[in-house]
Amino acid sequence: MRDLPMLRRRDLLRGVPLLGAAGAAWALKPRNRLNLLGDKRLEDVIPERIGPWVVTPSNDFVLPEPREGSLAATLYDQQLSRLYTGKDVIPVMLVIAFGSVQSDLLQLHRPEVCYRAVGFSIDRSERVEVQVGGGRVPMRALTARANERIEPILYWTRLGDLLPTSNNEQRLMKLRTEMQGLIADGVLVRMSTVGDPTPEVFQALEEFARLLLSSVSDASLVALVGRPMARAVEQKA
């Protein structure tokens, strides 16, 4: 019986690190929501005229399946898909997906994943920066192929206030945001066309992206690129 207090002290000492770890995990658990889109609708945020491009009805898109109960319906609170055409410019398919919560289970699916899922191969994927106002927005340029269809693609993703350009960056930035105690929202903005992936085509996609961000109101710009980049974009180059 004399050993009982010693055993209890030993058990208590062994439990201290576990209590410390549990306390640290509780302290790091995200508690605050960061939703930069707020109650806005993508249809209202994105103008139907972007420079020389105007909206034209079309269903020719590679999209996540939006049916009720599907993974896409779980991941995204809103999706916008539009075809923009104009005189002397290439047609541009614009897809924007918004998810109010980015977690281990609910994350934006990057185009490399979506296109491969429907039978495309990815021939080219590289990071680019597009000058918009006083900011340089990091994006990714890639080429998707399936049979006779070739799609040059330019896109960017936003996670909270951050702009990851790869899966690894997305995971690291999600962890960084969570360590700040935030449950962040996320946006995918994808522009593509059908045709040969020439430098001129990618330059046209970059021009569309530049005009898109220049056309959005200052109040809504943060929903597309985050607050720090929005402030940079709003400045003169």
- Among residues of region 149-174, those that are farther than 24 Å from R33 by Cβ, at pLDDT below 90 and among the charged types (D, E, K, R), counted: 0
- Message: Given the condition modelled with pLDDT of 95 or more and within 16 Å of V128 (Cβ to Cβ), answer yes or no: does some residue in region 217-232 qualify?
- Response: yes
- Item | Filtered residues of region 143-154 (kept if under 19 Å from L83 (Cα atoms) and either surrounded by fewer than 22 Cβ atoms within 10 Å (Cβ to Cβ) or among the polar types (S, T, N, Q) (or both)) | T143, R149, I150, E151
- Message: What are the pairs with Cβ atoms under 6 angstrom where one residue, in region 93-112, is β-branched (V, I, T) and the other, located anywhere, is at pLDDT 70 or above and part of a helix (DSSP H, G or I)? Sequence gap at least six, or different chains.
- Response: I96/L42
- Note on the structure: Listed by first then second residue, the pairs whose first member lies in region 80-91 and is at negative phi, whose partner is modelled with pLDDT of 95 or more and among the hydroxyl-bearing types (S, T, Y), with beta carbons under 6 Å and at least 6 positions apart or on separate chains, are I90/T193; P91/T85; P91/T193
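The values are calculated or read from the model by the stated rules, or taken from the named source; none is laboratory data. Keep in mind it's a predicted model, so treat the numbers as computed, not measured. Cβ: placed from backbone, ideal geometry, glycine included. Neighbour counts: every protein chain shown.
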